[in-house]
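*Asks:* Pasting a structure here, questions to come.
The values are calculated or read from the model by the stated rules, or taken from the named source; none is laboratory data. None of the values given here were measured: they were computed from a predicted structure. A quick note on method: Cβ atoms are made from the backbone with ideal geometry, for glycine too, and the neighbour counts reach across all protein chains shown. Accessible surface areas use protein heavy atoms only, side chains included; no ligands, DNA or RNA. Shrake-Rupley method; radii C 1.70, N 1.55, O 1.52, S 1.80 Å.
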Amino acid sequence: MPNRPRVKIIAGPSWGQFYLDAPGESLIVGRAESCQVAIADQRLSRRHFRLAWDGTFCQVTDLGSANGTWVNGQRIQEAILRDGDEITAGDSLFRIDGIGESLELVSGATPQPVVSDERTKPPSSLPPKPIAVFQATEPTLVGQPVASPPPGSLLEKLVTAAAPFAEDAKLLAIIDGAQTGELAFLARLMGHSVYTLFSGEMAEAVAHAGPYLVALGQPLPFLEKWIETMGRNAGILLQTTAELEVLYAHLREIFVVTDEEGQEYFFRYYDPRVIRTFLPTCTAGELEEFFGVVDRWIVEDKDGKNYQIWRRGTADLLSQTV
């Protein structure tokens, strides 16, 4: 029977265990709801560390956490784990077994990319359900013809930049309801699904005051209207390969921020002026935490004449202007 690493939470605010079931599987542990293993430990970073299993080695990697990741009492950036090793992160203590015979790290041996598996999630860590708005609105603008963008125009450049970069890549918009709430309603008339990033019983009632998340199907008609909002700080576009519920959980996690005293406040990252200022100041760990499952942010520049595409590089931020 193939090895199946098991991680037991043996101390801290949560108890239980989870598995890395198959070679090539990885998972992220942290405080964020979007993590495969989410733990209500206030001393954990939102995305604290990653565990990766390639069938031979189990590797732990710190994701730029504030309080660090420790293996057997030593702080690490990354380490190969062996049966009985203990990981300390925040106020939580984890013990791993099921790896099998202790092995030395072979040059060039690296874990496989992250593969999310719902089976590894404790029931309490399931992502929240997105709350849809304008559901009673008839999508009367569906199917109306739209002319192709003029060659060399900003619209053509934006459409090209927003084209899927992978088979399952999706384009979404986050609209600031306080600035251009009518654009979210127009998106619904065009047949797109619209959600609020607020939660709770009052979410729909206060949706107009905050960010709307719009899942864009056929984006050209919407992008034509999006171009018209240049200079109004209407919001931002993003691209991702993540499923909607996972993306929604991540966007809410970076929207609702808790300070050191436990006070919650809203981070208006969807305002182009804010994200343009914030991203260049981030460390590699902060970029990892902020991007999360987002592959690209598409933001109007400060002059309102072009768009910037922000991507996370190996260790820094990459920017392209279109």
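*Asks:* Compute the helix-to-body angle for 244-255: its Cα long axis versus the longest principal axis of the chain, expressed 0 to 90° and rounded to tens.
*Replies:* 90 degrees
*Asks:* With 21 Å as the cut-off, how large is the P(r) tail for region 177-314, expressed as percent of Cα-Cα pairs?
*Replies:* Numbers: 4073 of 9453 pairs.
The answer is 43 percent, as a whole percent.
*Asks:* Using amide H atoms built 1.01 Å from N in the peptide plane, name the residues 5+ places from Arg296, or on other chains, whose amide H lies under 5 Å from its own.
*Replies:* Gln239
*Asks:* Compute the distance in nm between two label points, each set 7 Å from the Cα along the Cα-to-Cβ direction, one at Gln42 and one at Val256.
*Replies:* Taking the two extended label points, one gets 1.6 nm.
*Asks:* Here is a follow-up. Can you give the log10 of the normalised intensity I(q)/I(0) at q = 0.12 Å⁻¹, computed with Debye over equal Cα scatterers of the chain?
*Replies:* So the normalised log intensities are -0.87.
*Asks:* Which value in nm describes the separation of the simple spin-label points at Ala147 and Asp91, placed 7 Å from the Cα toward the beta carbon?
*Replies:* Between Ala147 and Asp91, the label points sit 6.3 nm apart.
*Asks:* Using a 1.4 Å probe on the protein chains only, how many percent of the accessible area of the chain belongs to carbon and sulfur?
*Replies:* About 50 percent, which is the carbon plus sulfur part of the accessible surface.
*Asks:* Additional query: Apply the a/c threshold of 1.5 to the C-alpha gyration tensor of region 1-94 and tell me whether it is rounded, prolate or oblate.
*Replies:* Here region 1-94 falls in the prolate category.
*Asks:* Can I ask one more? Projecting each Cα onto the charge dipole of the chain (Lys/Arg +1, Asp/Glu -1 at the beta carbon, about the Cα centre), which of Ser34, Pro164, Leu51 comes out farthest on the positive side?
*Replies:* Pro164
*Asks:* Moving to a separate point now. With a sphere of radius 11 Å drawn around the Cβ of Ile76, what net charge do the other residues whose Cβ falls strictly inside it have (Lys, Arg +1; Asp, Glu -1)?
*Replies:* In short, -2.
*Asks:* Roughly how many Å² is the accessible area per residue of region 1-70, as a whole number, for a 1.4 Å probe?
*Replies:* 37 Å²
*Asks:* Let me ask you something else. If contacts are Cα pairs under 8 angstrom and at least 6 residues apart, what is the relative contact order of the chain in percent?
*Replies:* Values: 675 pairs, mean separation 46.2, N = 322.
It comes to 14 percent, rounded to a whole number.
*Asks:* If amide hydrogens are placed 1.01 Å from N in the peptide plane, which non-local residues have theirs closer than 5 Å to the one on Cys58?
*Replies:* Correct list: Leu81.
*Asks:* How big is the charge dipole of the chain about its Cα centre, in debye rounded to the nearest 20, if each Lys and Arg gets +1 on its Cβ and each Asp and Glu gets -1 on its Cβ? The partial results should precede the final answer.
*Replies:* Working: 28 positive and 42 negative charges, 76 e Å.
It comes to approximately 360 debye.
*Asks:* Could you list which residues have their amide H under 5 Å from that of Glu86, counting only those 5 or more apart in sequence or on another chain, with H placed in the peptide plane?
*Replies:* Residues meeting the amide H criterion: Asn72.
*Asks:* Also, I was wondering about something else. Looking only at Val71, Val299, Val142, which one moves most when the chain is put into a Gaussian network model with springs between Cα atoms under 10 Å?
*Replies:* Between Val71, Val299, Val142, it is Val142 that shows the largest mean-square fluctuation.
*Asks:* Beyond 29 Å between alpha-carbons counts as too far, so tell me which of Lys170/Lys305; Lys129/Lys305; Lys8/Lys170; Lys129/Lys157 fall in that bin.
*Replies:* The answer is Lys129/Lys305; Lys8/Lys170; Lys129/Lys157.
*Asks:* May I pose another question? Compare the Cα positions of Met230, Tyr19, Asn72 along the charge dipole of the chain (+1 at Cβ of Lys, Arg; -1 at Cβ of Asp, Glu; about the Cα centre) and return the one farthest towards the positive end.
*Replies:* The listed residue farthest towards the positive side: Met230.
*Asks:* Once the whole set of protein chains is in place, how much accessible area is left on Asp97, using a 1.4 Å probe, in Å² to the nearest 10?
*Replies:* It works out to around 50 Å².
*Asks:* Work through the residues other than Ser193 whose Cβ is under 14 Å from its Cβ and net out their charges, Lys, Arg +1 and Asp, Glu -1.
*Replies:* +1
*Asks:* Return one whole number: the accessible area per residue of region 167-322 in Å², for a 1.4 Å probe.
*Replies:* Details: 6950 Å² over 156 residues.
The answer is 45 Å² per residue.
*Asks:* Which order do you get for Asp168, Asp21 if you rank them by accessible area with a 1.4 Å probe, largest at the top?
*Replies:* Asp168, Asp21
*Asks:* To continue, here is another question. If you add up the charges near Thr277, with Lys and Arg at +1 and Asp and Glu at -1, over every other residue whose beta carbon is less than 12 angstrom from its beta carbon, what do you get? Let's see the in-between values first.
*Replies:* Numbers: positive: Arg268, Arg273, Arg276, Lys302; negative: Asp271.
Residues near Thr277 contribute +3 overall.
*Asks:* Per q in 0.10, 0.16, 0.18, 0.20 1/Å, what log10 I(q)/I(0) does a Debye calculation on the alpha-carbon atoms of region 234-322 return?
*Replies:* -0.25, -0.66, -0.84, -1.02
*Asks:* Just to check I understand the Karplus step: with θ = phi - 60° and J = 6.51 cos²θ - 1.76 cosθ + 1.60, what whole-Hz values come out for region 214-225, glycine and proline as x?
*Replies:* Working through the residues one at a time gives 10, 8, 8, x, 8, x, 4, x, 5, 5, 4, 6 Hz.
*Asks:* Between Thr69, Thr56, Thr137, find the one with the highest GNM mean-square fluctuation for the chain; connect C-alpha pairs within less than 10 Å.
*Replies:* Of Thr69, Thr56, Thr137, the Gaussian network model singles out Thr137 as fluctuating most.
*Asks:* Right, another one. Nearest 10 degrees, 0 to 90: what angle lies between the long axis of helix 177-189 and the longest principal axis of the chain (Cα atoms)?
*Replies:* Result, in degrees: 80.
*Asks:* Have a look at Ser26, Ser65, Ser153 and tell me which one the Gaussian network model of the chain (Cα, springs below 10 Å) gives the largest fluctuation.
*Replies:* The residue with the greatest mean-square fluctuation here is Ser153.
*Asks:* OK, next. I need the per residue convex hull volume for region 133-184, using only the alpha carbons, in cubic angstrom as a whole number.
*Replies:* Taking the convex hull of the Cα positions in region 133-184, it is 146 Å³ per residue.
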